[in-house]
Amino acid sequence: MLYIARCILELKTPLHCGGKDDSLMDAPVIRDAYGFWRIPGSSVAGVLRSWLRKACGETAASGLFGCEQDNSGKASLVWCSDAILLDYDNQPAWHKYLEGTPPSITAPVFLRDHVRIDDDSGAASNTGKFDEEYVPSGTRFAMEISLDGWITAPGDEALDYFARLLQAFHEGAVSFGGHGADGYGEYSVIRQECRHFDLSNPRHMEQWLNLPSLAAQAQPLFPPDAGEPWQPAPAPSKNANSKGISGTFSLPLSASGPLLIAGGRPEGAVDADMCFAPTVVYNYEQKNNPQRRVYTIPGSSLRGVIRHRVLHVLKTLGFADPEHEMERIFGTAKGETGQKGRVCIADAPLQRNNDTVDAATCQTVQHVAVDRFTGGAMDAHLFNEAPVWRDEVKLTLRMRLYELEPAQAGILLHALIDLVQGDVAIGSGGNRGNGRLQLDTSTRPVFNLVWDGEHLDEKESTAHAWLSRLQNAVQEAIAKEKHHVA
């Protein structure tokens, strides 16, 4: 038996799969030989294997994806194709290019500027500015995942693990590329079909041999007579409940003043010395004008300020090694000793009147640098900025937690309270009153959290019980810190 799943996925957030070093960019994305964006099959296999290992254990991951040992090994039963870029008609862009029909999508360069924040000062680090290329949200790719049964039909256990993989993939439980903690690489599967081919059957063998390549034709995914339809149906999970707090939640926020993210004057922005840098997104349904520039607070910006506020809370509570505790929550990359964080924060597009924010919401403000010695204006230091500044500008803070310890969740909650009360500034110009947010009480937060198998529901009693437990967990952590120091 050969099981093949084909799908078309659409990015919900920007994607960054690192490519070859470029003298013009600090972090370019990977492209194929024709210059089109792609997601390598090795990256797809890597994230799927990582998910299976975490969900079902190392034995399951090695049994399905193979293993390498000193004197023996086992090949992978799972094959993952590259995810290929689709044009606005949902056909492979590179194949249209080879046929002499220039695709409408061109895969140009889109960059985001970043700056590292110094943990001690809270300001930008020296030499900490860098840029990275990204693939816009809304971009579509086609890909194929198959389970090899050429020589031996896969057993029930392998088939069940494969079905779990496809279900997790369809539900968006994995993410692609780097910067997953900043919300990059999230997607939705807009179409998926699965077929199985009995290769001992001559008719199925012929259908498989004549199966059109997905790289040449993405719609339809399969010819009508190709193999037999197969619906992945994994058995009920037998895994124990994960420890700690996991899941997602969304906090509705509103701007209580001007917002200015990035700076400079990026292409497509308003005419000012410093302005809000828009993010490019694609919409395949609007073929005449598929590319839009949307004002968005990047997940990296939100994560940076929340991370710094968590460090402030840890120091205030008297933790002996606050940097270490912060790294346990948000992760760290230090050579070969790095660890993945437990908090993921996605991009937050700005909205006004239930529509995306455009340049009309920006307001130009004049500034002049003041000489600290004389107290007067400095010569040739007049500049202006154009922050997003209108009433009713709203956004949604979306976070995903991965087995966060109760004390860590309590400390994160303290930082979020500071954020929604306007005590933490987002972006540049915080000393000028920019970047203040507050909780939007007209919209209810959305929670899908699990704590040791218990779901957080909308009952007020449950919320109070969780808050009480979190506060107790923080107090216990502080007591352990004091005992350790003593």
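The values are calculated or read from the model by the stated rules, or taken from the named source; none is laboratory data. Remember, it's a predicted structure, so these values are computed and weren't measured experimentally. Backbone-built Cβ (ideal geometry, glycine too); neighbour counts: all protein chains shown. Note: areas computed on protein heavy atoms with side chains; ligands, DNA, RNA excluded. Shrake-Rupley method; radii C 1.70, N 1.55, O 1.52, S 1.80 Å.
Restricted to strands (runs of 3 or more DSSP E) entirely inside the range 58-131, those with at least 2 residues that are surrounded by 15 or more Cβ atoms within 10 Å (Cβ to Cβ) and at pLDDT below 85 are 111-117.
Annotation: Gly375 fulfils all but one of (1) farther than 26 Å from Gly257 by Cα; (2) in contact with a Lys or Arg (Cβ under 8 Å, 6 or more places away or on another chain); (3) small (Gly, Ala, Ser); the unmet one is (2). Look at the range 343-367: where a residue is touching a residue at least 12 places away in the same chain (Cβ under 8 Å) and within 22 Å of Arg292 (Cβ to Cβ) and a partner is part of a loop (DSSP other than H, G, I, E, B) and β-branched (Val, Ile, Thr), sitting 6+ places away or on another chain with Cβ atoms under 7 Å, you get Ala346/Thr13; Asp347/Thr13; Leu350/Val357; Gln351/Val357; Ala359/Val270; Cys362/Val270. Within the range 445-462, not a single residue is in a helix (DSSP H, G or I), at negative phi, modelled with pLDDT of 90 or more and surrounded by 13 or more Cβ atoms within 10 Å (Cβ to Cβ). Could you go through the range 396-410 and let me know if any residue there is under 18 Å from Ser250 (Cβ atoms), assigned to a helix (DSSP H, G or I) and open to solvent by less than 70 Å² (accessible area, probe 1.4 Å). There is at least one residue in the range 396-410 that is under 18 Å from Ser250 (Cβ atoms), assigned to a helix (DSSP H, G or I) and open to solvent by less than 70 Å² (accessible area, probe 1.4 Å).
For the range 347-364, the condition holds for at least one residue, the condition being that it is among the aliphatic types (A, V, I, L, M), open to solvent by less than 80 Å² (accessible area, probe 1.4 Å) and closer than 15 Å to Leu416 by Cβ. Does the range 424-431 contain any residue that is in a helix (DSSP H, G or I) and on the phi < 0 side of the Ramachandran plot? Scanning the range 424-431 turns up at least one residue that is in a helix (DSSP H, G or I) and on the phi < 0 side of the Ramachandran plot. Pairs meeting the criteria (first residue in the range 211-239 and within 25 Å of Gly453 (Cα to Cα) and of a type in the set (A, V, I, L, M, F, W, C), second residue modelled with pLDDT of 85 or more and open to solvent by less than 70 Å² (accessible area, probe 1.4 Å), beta carbons under 9 Å, at least 6 apart or on different chains) are Ala233/Asp160; Ala233/Ala163; Ala235/Asp160; Ala235/Ala163; Ala235/Arg164.
Of all the residues in the range 315-325, those that are within 14 Å of Lys482 (Cβ to Cβ) and in contact (Cβ under 8 Å) with a residue 12 or more places away in the chain number 4.
For residues that are aliphatic (A, V, I, L, M) and surrounded by 21 or more Cβ atoms within 10 Å (Cβ to Cβ), scanning just the range 426-443, find the one that is farthest from the chain's Cα centre (by Cα). Working first, answer last.
Within the range 426-443, the first condition is being aliphatic (A, V, I, L, M), and the residues that meet it are 426, 437, 439.
Now restrict to residues that are surrounded by 21 or more Cβ atoms within 10 Å (Cβ to Cβ): 426, 437.
Values: Ile426: 19, Leu437: 22 Å.
Out of the qualifying residues, it is Leu437.
The number of residues in the range 187-210 that are under 30 Å from Ala173 (Cα atoms) and open to solvent by less than 30 Å² (accessible area, probe 1.4 Å) comes to 5. For the range 290-315, taking the residues that are open to solvent by 60 Å² or more (accessible area, probe 1.4 Å) and in contact with a helix residue (DSSP H, G or I) (Cβ under 9 Å, 6 or more places away or on another chain), the one that is farthest from Ile190 (Cα to Cα) is identified as Lys315. For the range 141-166, enumerate the residues that are closer than 29 Å to His95 by Cα, open to solvent by 30 Å² or more (accessible area, probe 1.4 Å) and of a type outside the set (A, V, I, L, M, F, W, C). Glu144, Asp148 - these are the residues of the range 141-166 that are closer than 29 Å to His95 by Cα, open to solvent by 30 Å² or more (accessible area, probe 1.4 Å) and of a type outside the set (A, V, I, L, M, F, W, C). For the range 276-289, a tally of residues being more than 20 Å from the chain's Cα centre (by Cα), crowded, with 17+ Cβ neighbours inside 10 Å and part of a loop (DSSP other than H, G, I, E, B) returns 1.
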